[in-house]
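Undergrad: Below is the structure I would like to discuss, written out as structure tokens.
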Amino acid sequence: MNVGLYRTVAAMRTNQQRIEVISSNIANSETTGFKRMLHVAHGSANWAKDGEHQQVVTGTRLDLSQGVLQRTGEDLDLALDGPGFFVLEGDRGLTLTREGAFGLTQNGVLVSGDGRAVQWEGGRGILEWGVGGIKVDANGDVTQDGLPVGRIRIVDVLGADPVEPDETGGYRLRPGSALVDSEAIVTQGFQERANVQNIDELVELIAAQRAFDSAAQAFRTIDQSYRRLHS
Amino acid sequence: MIRSLYTAASGMKAQQFQVDTIANNIANVNTSGFKKSRLSFRSLLYQTYREPGLPLANNQNDVTGLQIGSGTEVSGSRKMMLQGVLEATGGQRDLAVRGEGFFEVQLPNGETRYTRNGTFRQDFNGRLVTAEGYLLTDQVTVPPDTLGISVSNDGQVFALEENNLLTQIGTIRLHIFANPTGLKAMGGNYYAPTVSSGPPQQRQPGVQGAGAIEQGYLERSNVETVDELVALIVAQRNYEVNSRAIRVSDEMLQQVNQLVR
């Protein structure tokens, strides 16, 4: 049996995955703090011996590069400049996020948009609501009307491909990775846009489509040669 | 079935919401005390096809794993409570809030609403009401034969009578919220408190975080037309790019259909 037929199918499947990844990036180009996924494909090392199996190993990897910071002017909009994450406390463990659109509860607890408490260094800082005067400096130190409240916890992650997306739009630590202190600069009154560039995604989209077309064409060519053989 | 069809469709839907929001902001550019809305988005679930670190054929380990997202959704809208520009109108019953705080008004059914639109009028009893006729909760009744009224920064209302005497006829208080972006917009520029905004806290204007009242001014809407137009263009382009992804997915399916002829 000709292995080429299977290889063309593998190539089509790979490029279909690629387009699914690109579509997700494009759909999230306006999601605050979103990080794009990269689709990676590489050949199997022993492909010559393993001729009848799928030749392409595919995977995805988060591109954690910085997004553009956009000014909002809101006191509780915090963005990170540099590698790092805010830490949210949830029912199912800690969530890492770069979406720093925070709010205050009536009890003065700093929470994310979906109501999960933000972690602080040491004890949780309590802000007085309805008063304003909240200032956050580059290290994440918070003051209200000049009085220190505490420092918001900012962490960085160590390891190869250290985080993965969780169910809440944030990230969770992968096994084997570790949390370390972050050097990121906290900027108050800003939000980080998605690091998706529509031009790059469109070029990728077209490239994947053409690669898919070529594989389909190769499939048809091989198929037709069989037909000639049988007739 | 190709997931990207649905993924890109979710992106188009999100951009549609974005355009709806921008259009409403632009439409209200001349509404006194209007606060613009901003949408926020979040990414939908990621489908994990393969965990990283799994063994592959040939004694290899997969280093990357395979996770593919399924698009985006609108996670919520926020009212941006930034101060609008105060515009001098000279009207004695035009009040603007400089800083935090809302006027409290009473609906005919007894419910209370909060607004920053300080375009007040007098009803037939001399009471201060909004343009829609809703009573100000802090009742101020202007006596007949009054030459004019004067409102101080801290909310005290005086009536100037014919003998040039000033008589205090009421006090207007402001109401602040823990999280004003969490207020529910009720239409007509009125807001209702929610769990997210917290209950209203009555304050004397100018103290304890409440803003000052400025008589003879109205707060303009905080919509910047230029910002909104730029956002509109970006939303339109994003819509196009998403639709392009749908077209590509469709063409791929077409290719599959033509594989065996």
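Undergrad: Per residue, what volume in Å³ does the convex hull of the Cα atoms of the range A:163-231 enclose?
TA: 200 Å³
Undergrad: Per-residue ellipticity at 222 nm for chain B, helices alone: DSSP H runs ≥ 4 residues times -39500 (n - 2.57), over residue total, nearest 500 deg cm²/dmol?
TA: Mean residue ellipticity at 222 nm (helix-derived): -8000 deg cm²/dmol.
Undergrad: Sticking with this structure for a sec: On a straight-distance basis, which aspartates and glutamates could pair with B:K13 in a cross-link, Cα separation under 15 angstrom, same-chain partners fewer than 8 positions away excluded?
TA: A:E30, B:E73, B:E240
Undergrad: What is the ratio of the Cα radius of gyration of the range A:84-231 to 2.2 N^0.38 Å, where N is its residue count, to two decimals?
TA: So the Cα radius of gyration is 1.64 times the expected 2.2 N^0.38 Å.
Undergrad: Across peptide B:238-246, what mean number of C-beta atoms from other chains lies inside 10 Å of a residue's C-beta?
TA: Counting Cβ atoms of other protein chains within 10 Å of each residue's Cβ and averaging gives 5.
Undergrad: Helix B:225-257 against the longest principal axis of chain B: what's the angle in degrees, Cα atoms only, rounded to the nearest 10?
TA: 20 degrees
Undergrad: Taking N as the number of residues in the protein assembly as shown, what value does Rg over Cα atoms divided by 2.2 N^0.38 Å take?
TA: This ratio for the protein assembly as shown stands at 1.26.
Undergrad: Straight distance only, please: which lysines reach the Cα of B:K35 with their own Cα at less than 22 Å, same-chain residues fewer than 8 apart left out?
TA: In chain and number order, the partners are B:K79, B:K184.
Undergrad: In peptide B:16-23, what is the residue-averaged number of other protein chain Cβ atoms found within 10 Å of each Cβ?
TA: Mean number of neighbouring Cβ atoms from other chains: 0.
Undergrad: Mind jotting down a quarter of the surface of the convex hull over the alpha carbons of the range B:66-126, in square nanometres, one decimal?
TA: Computed as one quarter of the Cα hull surface, the answer is 8.6 nm².
Undergrad: How large is the helix-only mean residue ellipticity at 222 nm for chain A, computed as the sum of -39500 (n - 2.57) over DSSP H runs with n ≥ 4, divided by its residue count, in deg cm²/dmol to the nearest 500?
TA: -9000 deg cm²/dmol
Undergrad: Let me know the whole percent of all Cα-Cα pairs from the range A:83-140 that are separated by more than 18 Å.
TA: Result for the distance tail: 33 percent.
Undergrad: In peptide B:38-50, what is the residue-averaged number of other protein chain Cβ atoms found within 10 Å of each Cβ?
TA: Mean shielding by partner chains, rounded to a whole number: 6.
Undergrad: Below 8 Å, C-alpha to C-alpha, sequence gap of six or more: please give me the relative contact order for the range A:65-131 in percent.
TA: Rounded, it is 25 percent for the range A:65-131.
Undergrad: Could you bin all the Cα-Cα distances of the range A:1-42 into 10 Å bins starting at 0 and give me the percent of pairs in each, rounded to whole numbers?
TA: In order of increasing distance, the bins hold 26, 37, 23, 11, 4, 0 percent.
Undergrad: Relative contact order for chain A using alpha-carbon pairs under 8 Å, separation at least 6, rounded to a whole percent?
TA: The value is 28 percent.
Undergrad: What is the diffusion coefficient of the range B:1-120 in µm²/s, taking the Kirkwood radius over Cα pairs and the Stokes-Einstein relation at 10 °C with a viscosity of 1.306 mPa s?
TA: 83 µm²/s
Undergrad: Kindly provide the pair-distance distribution of the range B:201-261 built from C-alpha pairs, with 5 Å bins from 0 and whole-percent values in order of increasing distance.
TA: 4, 13, 9, 9, 10, 7, 8, 7, 7, 6, 5, 4, 4, 3, 2, 1, 0
Undergrad: Could I ask something else about it? Using 10 Å bins from zero, what percent of all Cα-Cα pairs in the range B:103-261 falls into each bin?
TA: 9, 26, 24, 14, 9, 7, 5, 3, 1, 0, 0
FYI, it's all coordinate maths here, none of it is from the lab. Not measured: the values here are computed from a predicted model. With ideal geometry, Cβ positions are generated from the backbone for all residues, glycine too; neighbour counts draw on all protein chains shown.
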